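Q: There's a structure below that I have some questions on.
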Amino acid sequence: MRKLGSRYILNTGTWLKRLERVEVHFRLLPDVYVPSYRLNYFTVRQQDKAIRVGYCVIPKKVPDALTFLEKLVILGRHKADGEEIPAETFLP
């Protein structure tokens, strides 16, 4: 957390590339690690008697780093990003 003027900045640390392990269809081959990014930031404001936490996503395209063979052996096994984070949350 860092103070910038009258505001505070919280580093969520999400600028790093994430690697998700996906099991392959054939046990003799190693698992595949699928790269992704989740660039985001939060805003925190007081609104009436509650605290409003806003979640904002910065879209970033993931380069096509997987080979044809890697895509083939995980076909149908890789799901899109897991749990969704709500755009707004109000805390009492």
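Values quoted throughout were computed directly from the atomic coordinates according to the rules given, and no laboratory measurement underlies them. Since this is a predicted model, take the numbers as computed values, not measurements. When we count neighbours, we look across all protein chains shown, and the Cβ atoms used for this are built from the backbone with ideal geometry, even at glycine.
Q: So if I place +1 on the C-beta of Lys and Arg and -1 on the C-beta of Asp and Glu, and nothing else carries charge, what would the dipole magnitude of the chain be about its Cα centre? I want it in debye, nearest 20.
A: With Lys and Arg at +1 and Asp and Glu at -1, about 420 debye.
Q: Divide by every residue of the chain the summed helix terms, -39500 (n - 2.57) for each DSSP H run of at least 4, and state the resulting mean residue ellipticity at 222 nm, rounded to the nearest 500 deg cm²/dmol.
A: Result for the chain: -1500 deg cm²/dmol, rounded to the nearest 500.
Q: Of the chymotrypsin sites (Phe, Trp or Tyr not before Pro) in the range 1-60, which ones lie in a loop per DSSP and count no more than 14 other C-beta atoms within 10 Å?
A: Passing sites in the range 1-60 are Trp15, Phe26.
Q: Continuing with this model, one more query. Select from Leu91, Ala65, Val34 the residue farthest towards the positive end of the dipole of the chain; place +1 on Cβ of Lys and Arg, -1 on Cβ of Asp and Glu, and compute about the Cα centre.
A: Leu91
Q: Residues of the range 5-32 with backbone nitrogen within less than 17 Å of a virtual label 7 Å along the Cα-to-Cβ line of Arg77, please, listed as ranges.
A: 19-32
Q: Do me a favour and compute the ellipsoid semi-axes for the chain from its Cα gyration tensor, root of five times each eigenvalue, largest one first, whole Å.
A: Value: 38, 15, 10 Å, ordered largest first.
Q: Points 7 angstrom from Cα along the Cβ direction at Thr89 and Val57: gap in nanometres?
A: Label-label distance for Thr89 and Val57, simple model: 1.6 nm.
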